[in-house]
Every structure is written in structure tokens, then in C-alpha cells.
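Report on the following structure.
No value in this document is a laboratory result; all are computed from the given coordinates. Only a predicted model underlies this, so the values are computations on that prediction, with no experimental measurement involved. A quick note on method: Cβ atoms are made from the backbone with ideal geometry, for glycine too, and the neighbour counts reach across all protein chains shown.
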Amino acid sequence: MKKKLLAAALLALPGLAFAASFVIPPDQPICHLYSIIQILGTIGGIIAAAYAGLSLATNHEPNERNNAKMLLMGVILGLIVIWMAPLLVQNLVGSAGVCGW
């Protein structure tokens, strides 16, 4: 289990090198908190997706494969929510340029 998790983490690390830098205004502290949550959630999502994919590819039991599929679907939905939240807030509030988005 630990070897699979370590392998998944090592596979995800090169993708972090291409992460975009965020420009956050210093007068909006909530933006700092959200960007930290967004980055940590994305890293966790990548690791969980790698684990789910590895589990899906190696397990032959239908119950375990269904669990891996559900985990992968949850990760995808979670990442969509994390990355679409600023657009939703921007459209609901009606302001452009909140937190540099």
C-alpha cells in the first residue's frame, strides 16, 4: 500500500512543475487562504487519482474496481468544484478582478 502511494506521488511531482503562479492582491487575505486550499486540494486530488487509476488497473475483483471508479469520479468532481468556484463567485457577485481571477 505504501509503495503504491509513494509511486503515485512520484508520478505526480513532475506535473507540479508546470503549475501556474497566482497573483494575489495583498489587501485580500481570503484569497491567500483560498489559493492554499486550491493548491493542496489539487495536489491531493492528483495523488488520489493516481492511486485510483493504479488500483483500477491492478485489481481483478469487481467490488474493488467499483470502489476505485467511485474514488476517481469523486476526485474529478472535487477538482471541478475547486477550480470552478472562483468563476461561480465572480458571476454571482458580479465583480471582475476578485483575487486576481
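When each of the peptides 47-56, 68-77 is scored by how many other beta carbons lie within 10 Å of its residues on average, the order from highest to lowest is 47-56, 68-77.
Please grab the % of Cα pairs in region 30-86 that end up more than 17 Å from each other. When all Cα pairs of region 30-86 are counted, 42 percent exceed 17 Å.
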